[in-house]
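**Q** Sending over a structure as structure tokens; questions will come in a sec.
Each value in this text was obtained by applying a stated rule to the coordinates, not by laboratory testing. Quick caveat: nothing in here was measured; it's all calculated off a predicted structure. Here the Cβ positions follow ideal geometry from the backbone for every residue, glycine too, while neighbour counts run over all protein chains shown.
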Amino acid sequence: MYEVYVAASFEAAHRLVGDFGPASRMHGHTYRMEVIVRGRHLGDDGTLYDIGQLGQAANDLAASLDYRDLNEVPGLTEVNTTAEAVADYCWERLALPLRDRGLDSLVVRIWESGDAYAAREDKLD
Amino acid sequence: MYEVYVAASFEAAHRLVGDFGPASRMHGHTYRMEVIVRGRHLGDDGTLYDIGQLGQAANDLAASLDYRDLNEVPGLTEVNTTAEAVADYCWERLALPLRDRGLDSLVVRIWESGDAYAAREDKLD
Amino acid sequence: MYEVYVAASFEAAHRLVGDFGPASRMHGHTYRMEVIVRGRHLGDDGTLYDIGQLGQAANDLAASLDYRDLNEVPGLTEVNTTAEAVADYCWERLALPLRDRGLDSLVVRIWESGDAYAAREDKLD
């Protein structure tokens, strides 16, 4: 099994709804997004997936969330903007162009700080 | 599959018994403990498990080991205090309140330095 | 399941063949090699595998690639020196002394920068 990993970051505000103590107040993070694709076979060019291309997809998605209030981002307005929900949101958007390319699975980790992340991992078929 | 990750750290002394070269001498590390819970379903509040609550559990456990000689900590006196054994010790203590909450598994990584860790991963049921 | 992890680094030049944009030019990285062994049982000495011994193997392999042009390293001259290919190369060399020791699998991650890696994970039997 092979993996290719890239990372990108964005600065965003958010607040949680419910019993989350200070996280219920409007605040923000320097989010770090880690993206991993997994698959069994390398192509003729010696790659599982072009790291540069995956990095560009991660950077584009991060740029679309940069300096925003996540609670106002279409696709996130109706959910609690937990790191899990942001991982879901990013997973769905990154998965689209990665299907039907012989890849097995995709992992997206959303770090809220250097000490905490939530991640989603799922099959790509 | 979702993951939630937190980290904590503690300063502790220890020495190994056996043929471990300089590690057989009394020494110590700034240990970093990484804790990951895995599960399949998010709750209504959009979380797999409250990151703040998991972070508190990790911090409490780390505090109980902080500035101690691990070879004298009850539960570690009868084992070789390898990073694997410390991971075991922490895994058992963290797992207790995490059972019966719909979580699949728990990973505990014990870093002895930025270049070395040992980890234990096991099912939570 | 237990894991033991070590890391080492090396400075090397390389260039890719094919449509990889600037990566087709001769360039280089401070490569970071992460090595993880996995297994189910600890030995009587409380270790899955001696971290010091694994670290030595990683350091020796890293030293053999340090300050080299990867495209001229025997074993890499006939492949595209993608991070995946370097992970393959390192995996094969590290796996040899790790077989028949009760270990389940070996992971080798090759970081080209703090934001990108490729990895290979496979069974050790």
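**Q** Within segment C:58-80, is even one residue part of a strand (DSSP E or B) and either more than 30 Å from B:ASN71 (Cα to Cα) or in contact with a helix residue (DSSP H, G or I) (Cβ under 9 Å, 6 or more places away or on another chain) (or both)?
**A** yes
**Q** To continue, here is another question. Scan segment A:3-36 residue by residue and report those that are part of a strand (DSSP E or B) and among the small types (Gly, Ala, Ser).
**A** Scanning segment A:3-36 gives A:ALA7, A:ALA8, A:SER9, A:ALA12, A:ALA13, A:GLY28.
**Q** Among the residues of segment C:66-79, which ones are within 14 Å of chain A (Cβ to nearest Cβ) and surrounded by fewer than 17 Cβ atoms within 10 Å (Cβ to Cβ)?
**A** Within segment C:66-79, C:GLY75, C:THR77, C:GLU78 qualify.
**Q** Do we have A:ARG101 as more than 26 Å from B:ILE36 (Cα to Cα) and of a type in the set (Lys, Arg) here?
**A** yes
**Q** Would you mind telling me which numbered condition in (1) touching a strand residue (DSSP E or B) at 6+ places or on another chain (Cβ under 6 Å); (2) at positive phi; (3) within 12 Å of chain A (Cβ to nearest Cβ) B:VAL37 fails?
**A** It is condition (2) that B:VAL37 fails.
**Q** It is to be established whether one or more residues within segment B:40-51 are buried (at least 22 other Cβ atoms within 10 Å of the Cβ), within 14 Å of chain A (Cβ to nearest Cβ) and part of a helix (DSSP H, G or I).
**A** yes
**Q** Please specify each residue of segment C:53-65 satisfying the condition of being surrounded by 15 or more Cβ atoms within 10 Å (Cβ to Cβ) and among the small types (Gly, Ala, Ser).
**A** Across segment C:53-65, the qualifying residues are C:GLY55, C:ALA57, C:ALA58, C:ALA62.
**Q** Could you list, in sequence order, all residues of segment B:5-34 that are of a type in the set (Val, Ile, Thr) and touching a strand residue (DSSP E or B) at 6+ places or on another chain (Cβ under 9 Å)?
**A** Answer for segment B:5-34, where residues must be of a type in the set (Val, Ile, Thr) and touching a strand residue (DSSP E or B) at 6+ places or on another chain (Cβ under 9 Å): B:VAL6, B:THR30.
**Q** Can you pull out the residues in segment C:80-110 that are under 30 Å from A:SER9 (Cβ atoms), touching a residue at least 40 places away in the same chain (Cβ under 8 Å) and buried (at least 21 other Cβ atoms within 10 Å of the Cβ)?
**A** C:THR81, C:THR82, C:VAL86, C:CYS90, C:VAL108, C:ARG109, C:ILE110
**Q** Which residue out of A:ASP100, A:ASP125 is more than 8 Å from every other protein chain (Cβ to nearest Cβ), in a loop (DSSP other than H, G, I, E, B), out of contact with any Lys or Arg (no Cβ under 6 Å at 6 or more places or on another chain) and at negative phi?
**A** Within the list A:ASP100, A:ASP125, the selection yields A:ASP125.
**Q** Being within 14 Å of another protein chain (Cβ to nearest Cβ) and aliphatic (A, V, I, L, M) is true for just one of A:ALA12, A:ALA58, A:ALA63. Which residue is that?
**A** Matching residue, one of A:ALA12, A:ALA58, A:ALA63: A:ALA58.
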